[in-house]
Structures are given as C-alpha cells and as structure tokens.
Amino acid sequence: MTALRPAALPSSLFPLASPPPSSLVPLSVIILVADGARPDTLAAALDDGSLPALARLRAEGGLHTVTSAFPSVTGPAYAPFLMGRYPGPVGLPGLRWFDRSRTAAAYPHYTRSYVGAEMRHVDRDLDPAAPTLFELAPKSLAALNVIGRGLARGARLGASAGFALRAGRTHFSGNVRGWLAIDRDVGRALARRIRRERPRVVFAALTGIDKTSHAEGHDAPVVREAMAIVDETVAEIRADAERDGRWARTHLWVVSDHGHSRVGAHDDLAALLREWGHRTVAHPWVYRLRTPDAAVMVSGNAMAHLYLELSRAERPWWPELAARWEPLVELLLARPSVDLVLLPHSPLRCEVRAPGRGAAFVEFDGARYRYERAGGDPLGLGADFHGTARDAYDATVCGDYPDSLVQIAHLAGAARSGEVILSAARDWDFRAKYEPIPHVSSHGALHREHMLVPLLLNRPARVPPRRTVDVMPSALRALGLPVPPGLDGETFV
C-alpha cells in the first residue's frame, strides 16, 4: 500500500536561508509512541515499502525488539517511557485498580479507571518522588501522553475540553476510523508546534494502531493505514528538521507500549465471581448497595487484579488469605481463560501457578532475581534461576514470557496491586461486555505477543536496548542531562 503524504506547503512559508552551524542548534529528543504496534507487523510494512520514512530511520539507526512492562496496557506502560520506572511501584498497577488505602480514589467505591474522565488523576496518583522526563528536561511538548507532570501550560496537545469531547465521542461510539482522523490531526499539529517552537523533548502517542487492532486484528489492512499516519508524521518532522538544520542534532525514536493477539472468547471475571457467591465490584458499575468483598480490575483486557477482603485497610498477603480463598484460586485455574495466577506472598516474593504446569516462586532482594521451582515450572525456564536484571532478561527473552521474572517481581510487590493477579491464556480475555469497540484482539498479559514491542532509532545504539524503561534514561543522556539514581532502565545512547 502506498503511504499517503501530506500536501506540499507553499515555499514562501519557508524563506531560503543558510541553516545555523550545528554547534548552535540544541540537542532534541522526539519520542513517538505507535500505540499497539507489534514488531513483526511493523517490520513487514517496512519491508514491503509501505512506510518509507520509517524505513529510512531503520536504515540509519536500527529497529530493535524490546520488552514492555506488565501490565502491557496503555497508560501504565507509558511510565517506562516518561519515568524510567516500572508502572506498579510508581502507582499505576493497571488501567483499573482498587484503592485499599482509601487515600486516592473517591468514596464510596474507592476504585480507579483511567478510561474516561479519571485519566485526569494519573499525575496525582504517581509517586511524587519519581521524576518525569518533563520535570527533568525543560522546554517539553507532548500529545496524548497520559502522564503530564512537569509539562508547562499549553505544552500538552489534546488537553482541551473540545478535544476531550471529540475523543470521548469517538471512543464511546466505537468509531474506529474516527481514531485515524484524530491521529492525522494530532500528527500535523505536533509537526507544526515542533517547527515553530523547537522543543528539547517531544513525547507523543498516536493511538490508531491500537484501536484498529482491537477492532480487526493486528494484521488487518486498516492497521496499515494507521501505521501510514505514523510514517507521515515522521516524514514531516524530519523534513522540517532537515530544512532548518536541526536534523543532525535530533534523536527521533518510534516505539510501542504493547503488542496484540487474537481473541476468540471472553470470560467475564466479574460475573464469574458473583456466580461463585462473592459480592463483587467492577467497572463500569462500581456503585453497590451492599459492601463488596472482592474487586475485579481488568486491564487490556488480558490481565486482571483481584482484590479480596476489601474492608481491610492494609494489603493482606497470600499466606493470610489462603485458608479462605484457595477454593477461588482453584476455580480460576480450572478456567480455560486463565494462563498464569500470581499470588504475592510479600513485597519481595510471589508464587506463580499455571494450569497443568505446577507452581514456582519469584523473588527479588533489591538487586537480584530468583526463580525457584516448587513442583512445577509455570514460566517454562527449564531450571531454577538466580541473577541480575540483565541475566533475567537473557534467561527469559526467547521464551513465551519475556522478562517475566523482573515484571512479576515489580508488579506483585507494588502496594496498589491485587491479592491475586491473572494473566490470560491465548485466545481469551477477561471482559465480556462494555467495550465500545468489540475486541477481536487484546493485550495486557505476559505473553510474548503482548510484551515484545518495536523500538526504531534514527541513530545506532551504543548497546542493544532491552526494555522500554531504557528509553527515559537514554533520552536524558542524549540531551546531555544527568540521569537520576533509582531508575529501572539503562541508557543505550
């Protein structure tokens, strides 16, 4: 398919002039999130000539496959790009979560959902001690970024009431092609602002790939249309930067937050728990006359947090809950929709179970990770493991659950995570109703189709990138700014 090109602008708008010496042009980093793009789908479009601007980036810098974060879902999976941290520990355990502490979410349901109006709470929900890229790099610009803490007033495209109304109408009406129109408008507006303001940092998400993948599958023709819009945006940004002498000092990266895989059946977790006799709260109907004893918070829709004994203000760990709730876990393990069940035993230790593959424990002592089989091998490593984050990546990246040891350890120990965490089986997800776009494809789980994402660079990396948490420290290094301690990522610049 031939990628569409924006119409040529009159040359009078760009008077001929010699570009300034490169030493006078400030360094800049532009990060575009092709939300929902899979590495194989993107590579196929690059190979057949559909995306010429992105193909030029690959030829000059490289296309890498890296791991996203768990849950692999828009919103939480943006924390690695903008904070260099895994989402759970900084306060974003999922797209939806239950506030056991009753300090963040509102009475009477104490739940959070970043689908809709509550997205405005993301910045407040984040750990204030974890800085964002916007706070560390002055003169930033962003679009559809979810996380915005540190952005100057007016530097956030898509933050107006009019745009929110348009996006809400597009989402809740299930208008898939409406998202393509939004992407085109956002891409053009972004290029204009970059051309005019020359920000040091740009972070923008184009969500059409994700929306069209949910509706028709990751390899559908309409997904190629969404990718072409990303290509158009890159082409315009590059042409402007080359014209005025900025390209030699510009890092332009295209990345994704999660992949996609086909869904053939939906298992309604909230309905199941009610059927099994539990008073359950779940979105969108979170108001209940009787106090619930369980909360089902689905993300993606291929992962879910289950919160138990909601009257308790302090998070209970699985050893305290097993006597009462073990039958529930056994029922879940018997469902064809469930692939992995995570049972956090403490902030540093989590039990992992899988139907037919037994149990194991994942531990993290602050520096090293351990995988100890306990009558089974649910993650399929074939052996026990003890090593660093790099070792854990190498041990898992080629398997069905890439980077699973690191991701499980950080999500299971997070204060806002559930007492039971589920990762869906292939061909299944956990939400049967209430999606404006009927899902034939989902994400959020630990499967490689969800966890592996592309990272396209316009300059060769110093070392091969591993994870999306590497993007933020790399951006700081590219800008010549100090990298704060305590980040989960490592620089590839």
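The values are calculated or read from the model by the stated rules, or taken from the named source; none is laboratory data. Small disclaimer: the values here were computed from a predicted structure and weren't measured. Here the Cβ is made from the backbone with ideal geometry for all residues, glycine too, and neighbour counts use every protein chain on show. To get the accessible areas, we keep the full protein, side chains included, count just its heavy atoms, and leave off ligands, DNA and RNA. Shrake-Rupley method; radii C 1.70, N 1.55, O 1.52, S 1.80 Å.
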Quiz item: Could you count how many residues in the stretch 304-353 are assigned to a helix (DSSP H, G or I), under 24 Å from residue 104 (Cβ atoms) and in contact with a His (Cβ under 9 Å, 6 or more places away or on another chain)?
Solution: 1
Quiz item: Which members of the stretch 49-86 meet the condition of being free of Cβ contacts under 8 Å to residues at least 24 places away in the same chain and open to solvent by less than 10 Å² (accessible area, probe 1.4 Å)?
Solution: none
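Condition check ((1) open to solvent by 40 Å² or more (accessible area, probe 1.4 Å); (2) in contact (Cβ under 8 Å) with a residue 12 or more places away in the chain) across all residues:
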site	(1), (2)
130	no, yes
152	yes, yes
161	yes, no
174	no, yes
Quiz item: Which residue pairs have Cβ atoms under 8 Å apart, sit 6 or more places apart or on different chains, and have a first residue in the stretch 310-337 that is farther than 23 Å from residue 356 by Cα and a second that is open to solvent by 80 Å² or more (accessible area, probe 1.4 Å)?
Solution: 310/291; 311/291; 313/102; 315/415
Quiz prompt | Residue count, the stretch 481-491 (criterion: under 19 Å from residue 200 (Cβ atoms) and surrounded by 21 or more Cβ atoms within 10 Å (Cβ to Cβ)) | solution = 0
Quiz item: Quick one: in the stretch 299-335, which of the residues that are under 30 Å from residue 215 (Cα atoms) and either open to solvent by 10 Å² or more (accessible area, probe 1.4 Å) or not aliphatic (A, V, I, L, M) (or both) is farthest from the chain's Cα centre (by Cα)?
Solution: 334
Quiz item: Of all residues in the stretch 336-348, which are among the hydrophobic types (A, V, I, L, M, F, W, C) and open to solvent by less than 70 Å² (accessible area, probe 1.4 Å)?
Solution: 338, 340, 341, 342, 343
Quiz prompt | Matching residues in the stretch 235-273 - criterion: being assigned to a helix (DSSP H, G or I) and either aliphatic (A, V, I, L, M) or crowded, with 23+ Cβ neighbours inside 10 Å (or both) | solution = 235, 237, 239, 241, 248, 269, 270, 271, 272, 273
Quiz item: So which residues in the stretch 416-451 are of a type in the set (Lys, Arg), in a loop (DSSP other than H, G, I, E, B) and in contact with a Gly (Cβ under 8 Å, 6 or more places away or on another chain)?
Solution: 416
Practice problem: May I ask you to list the residues in the stretch 384-415 that are open to solvent by 20 Å² or more (accessible area, probe 1.4 Å) and either in contact with a His (Cβ under 9 Å, 6 or more places away or on another chain) or of a type in the set (D, E, K, R) (or both)? | Solution: 384, 390, 391, 394, 400
Practice problem: Would you point out the residue of the stretch 440-480, among those that are among the basic types (Lys, Arg) and open to solvent by 30 Å² or more (accessible area, probe 1.4 Å), that is nearest to residue 64 (Cα to Cα)? | Solution: 466
